[in-house]
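Each remark here refers to the structure printed beneath this line.
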Ligand SMILES: [Zn+2]
């Protein structure tokens, strides 16, 4: 399909939407595509209760793809549900304390399949 004003004085070569320069001169960085998320129902989160030194328990959630999930936001959600502190470390969510059941129910509520141990 030819451009609407092709051959007229309004005919302009394509320019970049962001910097306004000719596309041939544009040096804008390529647009980073939105990460592709994996539907929760296609994933199985592994839940584990781990004992830490000084007798502390930590509930961990692993086996979730860091690219396919917004683990930062999921960690925040779980911390709120459990009313507890937690961190995201190497793609594994750690929630302080024994919150296996709460975490399990929260994940199931979102749609994840879960597996203990
Ligand atoms: Zn540009």
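Under a point spin-label approximation (7 Å from Cα along Cα-to-Cβ), what is the residue 12-residue 81 distance to one decimal in nm?
According to this spin-label approximation, the distance is 5.1 nm.
For the chain, modelled as a Gaussian network with Cα springs under 10 Å, which listed residue fluctuates most, 63, 105, 42?
Result for the chain, Cα springs under 10 Å: 42 fluctuates most.
Under the definition of Cα pairs under 8 Å and six or more residues apart, what whole-number percent is the relative contact order of the chain?
26 percent
Pop the C-beta distance of residue 115 and residue 31 into the FRET formula with R0 = 35 Å and round what comes out to the nearest 0.05.
So, using R0 = 35 Å, E works out to roughly 0.40.
With springs only between Cα atoms under 10 Å apart, run a GNM on the chain and tell me which of 85, 97, 20 wobbles the most.
Answer for the Gaussian network model of the chain: 20.
Using 0.36 nm per residue, how much length does the chain from residue 89 to residue 105 gain when fully extended, once their Cα-Cα distance is taken away? Mind showing how you got there, number by number?
Working: separation 16, 0.36 × 16 = 5.76 nm, distance 2.17 nm.
Full extension of this stretch gives 3.6 nm more.
Find how much the distance from residue 44 to residue 23 grows on full extension, using 0.36 nm per residue of separation minus their present alpha carbon separation; answer in nm with one decimal. Before the final figure, lay out each step's value.
Numbers: separation 21, 0.36 × 21 = 7.56 nm, distance 4.46 nm.
Contour length minus the Cα-Cα distance gives 3.1 nm.
In angstroms, what radius of gyration and Dmax does the stretch 40-116 have, counting Cα atoms only?
Computed over the Cα atoms of the stretch 40-116, radius of gyration and Dmax are 11.3, 37 Å.
Out of 21, 54, 89, any idea which swings most in a Gaussian network model of the chain, alpha carbons joined below 10 Å?
Maximum fluctuation in the GNM of the chain, among the listed residues, is at 21.
For every helix of n ≥ 4 consecutive DSSP H residues, a contribution of -39,500 (n - 2.57) applies; sum these over the chain, divide by its total residues, and give [θ] at 222 nm rounded to the nearest 500 deg cm²/dmol.
-6000 deg cm²/dmol
No lab work stands behind these numbers, since they all come straight from the coordinates. Because the structure is predicted, anything quoted here is derived from the model rather than measured. Because the Cβ atoms are built from the backbone with ideal geometry, glycine has one as well, and the counts that use them run over all protein chains shown.
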